[in-house]
Every structure is written in structure tokens, then in C-alpha cells.
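For reference, the structure is listed below as C-alpha cells.
The values are calculated or read from the model by the stated rules, or taken from the named source; none is laboratory data. All values reported here derive from a predicted model rather than from experimental measurement. Ideal geometry is used to build each Cβ from the backbone, glycine not excepted, and the neighbour counts take in all protein chains shown. Note: areas computed on protein heavy atoms with side chains; ligands, DNA, RNA excluded. Shrake-Rupley method; radii C 1.70, N 1.55, O 1.52, S 1.80 Å.
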Amino acid sequence: MVVTAARLDLREIDAIRTAVRSGQLAKARRLTLSGNDAVACAALEAGARFFAGYPITPSTEILEYVARHIFAVGGTYLQMEDEIASIGAVIGASLGGVKSFTATSGPGFSLKQENLGFACFNEIPLVIVNVQRGGPSTGGPTDVAQADIQQSRWGTHGDHPIIVISPASVQECYEETVRAFNLSEKYRIPVIVLSDAKVGQMKEPVILPPKEFVPKINRAKPSGDPKDYEPFGLTPGGVPPLAPFGYGYRFHVTGLNHGRSGLPTKDPKIIDEQLRRIHAKLTTTEARRDILKTETFFTEDAEVVLVAFGITARAAKEAVIRARRQGVRIGLVRPITLFPSDEEIFFKVFAQARKIVVAELNLGQYILEIKRLAYDFSQRNQEIPPLVVGLDRVDTQLITPADLLREVTA
């Protein structure tokens, strides 16, 4: 198994976990938590001090945990009148300099999309936790699904970058939420933690580092003369510093096309410059090292490769183990960062596998990204890509290892 991860954020956490298991950190916390509680715990320990949300199954436990614990760390909790107001409040708190987040499910995530686009365009750090459930519309509030994949990437209009992370265990709910806050702060970008009803509500043992070992990244702030401050200016890494409102650096925030000062503009060159900059900041070598995280499991010699994420990846890993015992060369690629995609990992797999099976609890959403990558692989390398097929389920039940084995041996 190989995991590529962020140099600063996650490898520190992984190293701590290894040290804990070897007995080197006596103060490690061994707990049994639900995925939702692990997300909320991680957010507070990563430095989040503002939460605004509205109860909705199956994410409500996040709201409840925060309501019980955030005041003890000097934070603020607001139960808003709806999901639109929730993300609006989070945007305001973040602009005030506070690490902020919200949580929702299903139609609540849909309601957040317009304000999410505003946050993406204005590069406002925040975290949105979406515990997926069945749909469309009200759908199955207590039923599992992975049906918000495309919405998480493309739900808001216009060209915008975003980071989407998919945990598959309660341990990862904690670790990936910490990483989400660090990425959001470092790159001035909203980050979506895309859980699901099963991962969010199941309980598992976890090993958490001592609180003082949790890595925290805070957004860069300006230090020069306030009259020279450009909240959307050009910097070597593409991420301009962000001043908190009320700290002497006056600037404008608008949903309109804006220039380096934040004021609206109709200048085509400036509009082009800004949109290309906010995309490019995620493509630097350092950003890709921080953001991309993918697990590969027995892919070195695999002829058939499963692609699965979240709760479905757990069944996929078991299917690989069973197939290997039978002498069948099957592997697994598990994207933990769903967007942006880890092209390098997928291209390596495309070069050797004859078949890719994308397993997901929807009618084929992430497979669209895999087919796009397969096409790009073919165009760049002038090779015929492997066959890409989907294994879908939308009847509120989980994909099982047996389901996967039937598909890969067909």
C-alpha cells in the first residue's frame, strides 16, 4: 500500500499515529467516536472557533457536538434559520479572521451553492462538511449515498477551483478534517469534507494525538502599509495575504468580477488574470504535494483496478484481498482527495491495467472524472486507455465485496 500525502499537514499526523502505536507518545487519546463526532472534534482542535449550521440528517451530530464543546475553547456557535444563512454567517466570520465551518446534508448542500461560489471567487477560507444521503430532493434522510460528487465540484456556477476530500473511516474523519482546515487557510480556498451517512454515523476506535501535536496552519496576513494592500494581488505562490476585517486594512469584497484591490472591474485582462490566478495556485508543485492524497493497494501488477472512495472503498479493499487469495491480480486506487485529481497516480494505473471498475453509490458520477482522465492519458501518450466501467448502487444498500468480485471476474 502506498499513500501520497501532504508534506506538512498529514505526514505529521501519520507520524504521530505511528509513534502512538509504538508507545512513544504516552498522552495519546484512545477513544471510540462516530465519524460525525470525529469531524467536529478535529475542527475544534484544528483551531475552528466559529460554527453556523442548521440541523439536517445525517449530519446533525456535528452541530450537536460543536454546541456542547465550542464555548469551552472560546468559540461561537449559531443555529441559523436555514442553510443559506449558515454559510453566509461562516463567510462573514472567516472574513473577520476566525477559522469557520458549517455542516449539512442533501438539499442543505444544494442551498449553500450560491454562497459557496461567492467564497470560491473571493478566496475565503472555510470548511463545509457534507454528510451525503440519498436523493434527489428529500430522498432518504437516513439512507446512505455518494450522490453529491459532481455537485461538490461543479455545483456552483462559473469557473472556480475547490478542494474535495473523502474520508473512509472515523480515524480519517478526524485527520482529513484537520487537513481540510490547514489547506483552506494556506491556500485561501473553501474545502469540502465529503462524508456519507455510514461513515458519519458509524462508531470506531480512533487514536488521536495529544492536542498540542495537532498541526495548525493559519492564513497569511499582510504586514505592509495598509494603503498598499491588495487582497487579490499577485504573489509568487498565487495566494495573497488576507487581512481580517477591522484590523486597519480596508478592502472591498464583491461577487462581481474584481481586480487586485477587490473593487469591481470590466477590464478583460484583469478578469482573465484573476480567474487564472485562483486556479493556478492549486497547480504549483508545493500545492499538489499538500493537496493530493491517494491510496494505492496492490496496484503494482494489477490487471483490473477498482476505483472507490468513502464507505465503498472499504468493501473494495476486502474484494481485493479475497481476489488475491484466489490468485486474481486486482488492485485498488482510493482517491482521498477527490478534486483536484491525482493524475500521476491514475496515469500509472492506466498504463498497465486492462480494465478499471469505478464503484460508487450513485448512477455514475465519479466515473465521469475517471473517463476524463483516461481520455487525457490516451491523448498525451498516444495509447489506447483501459476499459472504464461503473458498478453503481442506488437502492439505499451498500456495495458489497461480493458485488465487486462478480464485476471484476466477469
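Note on the stretch 18-136: Kirkwood hydrodynamic radius from all Cα pairs is 15.0 Å, rounded to one decimal. Against the empirical curve 2.2 N^0.38 Å, the C-alpha radius of gyration of the stretch 77-185 lands at a ratio of 1.04. Our note on the geometry: Cα centres of the stretch 237-292 and the stretch 166-226, 22 Å apart. Here the chain is scanned for chymotrypsin sites (Phe, Trp or Tyr not before Pro) in DSSP loops (not H, G, I, E, B) that have at most 16 other Cβ atoms within 10 Å, and the longest stretch holding none of them is 1-244. Overall, the accessible surface of the chain at a probe of 1.4 angstrom is composed of carbon and sulfur to the extent of 54 percent. Working note: Debye formula, equal point scatterers on the alpha-carbon atoms of the stretch 317-410, no solvent; log10 I(q)/I(0) at q = 0.16 Å⁻¹ is -0.70. Considering only Ile270, Ile321, Ile56, the mean-square fluctuation computed in a Gaussian network model of the chain, springs between alpha carbons under 10 angstrom, is largest for Ile270.
Scattering from the stretch 366-410 was approximated by placing one identical point on each alpha carbon and applying the Debye formula without solvent; log10 I(q)/I(0) at 0.14, 0.31, 0.32 1/Å stands at -0.47, -1.07, -1.10. Note on Thr76 and Lys203: their simple-model spin labels are 3.4 nm apart, each label 7 Å out from Cα toward Cβ.
For the residue pairs Lys203/Lys348; Lys99/Lys227; Lys317/Lys355; Lys186/Lys371; Lys27/Lys112; Lys317/Lys348, the alpha carbons lie more than 28 Å apart in Lys203/Lys348; Lys186/Lys371; Lys27/Lys112. Over the stretch 104-263, the hull volume per residue, using the convex hull of the C-alpha atoms, is 131 Å³. Our summary of shape: the Cα atoms of the chain have principal axis extents of 68, 50, 46 Å, ordered from largest down, in whole angstrom. For the pair Arg29 and Arg406, label points projected 7 Å from Cα toward Cβ lie 4.3 nm apart. Over the C-alpha atoms of the stretch 251-391, the Rg to Rh ratio, Rh being the Kirkwood estimate, stands at 1.13.
Rounded to the nearest 0.05, the FRET efficiency derived from the C-beta distance between Arg325 and Thr284 at R0 = 45 Å is 0.60. What the stretch 339-410 shows is 50 Å² of accessible area per residue, with the surface traced by a 1.4 Å probe over protein heavy atoms. For the stretch 294-350, taking the reciprocal of the average inverse distance between every pair of different Cα atoms yields a Kirkwood hydrodynamic radius of 11.3 Å. Look at the alpha carbon pairs under 8 Å that are at least 6 residues apart: their mean separation over the length of the stretch 315-410 gives a relative contact order of 34 percent.
Seen against the Cα atoms of the chain and their longest principal axis, helix 35-45 is set at about 40 degrees.
Working from Cα pairs under 8 Å separated by at least six residues, relative contact order for the stretch 53-150 is 28 percent.
Each principal axis of the Cα cloud of the stretch 104-146 was taken in turn, and the coordinate range along them, longest first, works out to 34, 16, 13 Å.
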